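Working notes for the structure below.
The values are calculated or read from the model by the stated rules, or taken from the named source; none is laboratory data. Remember, predicted model here, so these are calculated numbers, not experimental data. Here Cβ is always computed from backbone atoms with ideal geometry, including for glycine, and neighbour counts include all displayed protein chains.
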Amino acid sequence: MIMPGSAVREGLAGTFKAVLSNKQGVSATEFALVAPVFLFLIMGGLELGYTAYVKASLEGEMQRVGRSRTMETASSVEQRELLQKQVTDAVHTLAPDAEVTFTRKVYRDYTGATTGKEPFKDANGNGRCDAKEVYEDTNNSGSWDEAGIADSDGGARDVVVYTASIDYDRLPTVGILGWSRSGKLEAKTALRNQPFDQQAPRQERTCL
């Protein structure tokens, strides 16, 4: 039996309305599409927040112990060991398995610590030490180069730049995101040695 055209149209319209009215199916589809993106955003946000918190704590502790490093009765070695212990303990409260390492470099003043180069009189203005220009050989290397001396506690009034580097485990959820479980962070602080004595005299040389 062949249905009249109007009956066919009414049947199709009824079916279409039934599909549109099935909100439960639509909601399930929407959830299936949105949920993975939402979960990825949550996990990524948690990891970024955790990393920012660890970094802020590391930098804050480095600055705090730097400001408190004013014990004139303690030697440079004792103060360095105290600084490293306090920073390490602070890091381990947030990242218990983190590996904390320290390096240090000594400069004559804060200018050298900032520029990283030995100061010189740039007579020709080319930004290089040459043409018999005079420079301060702060690391006593015999040539114009980087200003700092590595792995040294320095002398009176010298500026010591400490760098703390940490290798830590990120949150377990980063594996789902395809990120590495290992994270690395770094913070620095510059400390001036107490003036127990006069600073060593400046050694001046000339560039070729």
Going through the range 43-66 in order, the residues found to be under 21 Å from Val174 (Cα atoms), modelled with pLDDT of 85 or more and not hydroxyl-bearing (Ser, Thr, Tyr) are Gly45, Leu46, Glu47, Leu48, Gly49, Ala52, Val54, Lys55, Ala56
Residue hits (the range 104-136; in a loop (DSSP other than H, G, I, E, B), in contact with an Asp or Glu (Cβ under 7 Å, 6 or more places away or on another chain) and over 30 Å from Ala164 (Cα atoms)) are Lys121, Asp122, Ala123, Glu133
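Which residues, taken from the range 71-96, are outside any helix (DSSP H, G or I) and either buried (at least 16 other Cβ atoms within 10 Å of the Cβ) or modelled with pLDDT under 90 (or both)?
Once the filter is applied, which keeps residues that are outside any helix (DSSP H, G or I) and either buried (at least 16 other Cβ atoms within 10 Å of the Cβ) or modelled with pLDDT under 90 (or both), the range 71-96 yields Met71, Glu72, Thr73, Ala74, Ser75, Ala95.
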Single unsatisfied condition, Asn139 versus (1) at pLDDT 85 or above; (2) in a loop (DSSP other than H, G, I, E, B): (1)
Selection from the range 128-185 of residues that are among the hydroxyl-bearing types (Ser, Thr, Tyr) and more than 24 Å from the chain's Cα centre (by Cα): Tyr135, Thr138, Ser141, Ser143
Filtering the range 172-186 down to residues that are surrounded by 14 or more Cβ atoms within 10 Å (Cβ to Cβ) and in a loop (DSSP other than H, G, I, E, B) yields Thr173, Trp179
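So, Arg104, is that one at pLDDT 90 or above and of a type in the set (Lys, Arg) or not? Break it down stepwise before answering.
Values: at pLDDT 90 or above: yes; of a type in the set (Lys, Arg): yes.
Answer is yes for this residue.
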Out of the residues in the range 142-163 meeting the condition of being among the hydrophobic types (A, V, I, L, M, F, W, C), assigned to a loop (DSSP other than H, G, I, E, B) and free of Cβ contacts under 8 Å to residues at least 60 places away in the same chain, tell me which one is surrounded by the fewest Cβ atoms within 10 Å (Cβ to Cβ). Ala156
For the range 187-197, indicate whether the set of residues that are surrounded by fewer than 17 Cβ atoms within 10 Å (Cβ to Cβ), touching a helix residue (DSSP H, G or I) at 6+ places or on another chain (Cβ under 8 Å), modelled with pLDDT of 85 or more and not in a strand (DSSP E or B) is non-empty. no
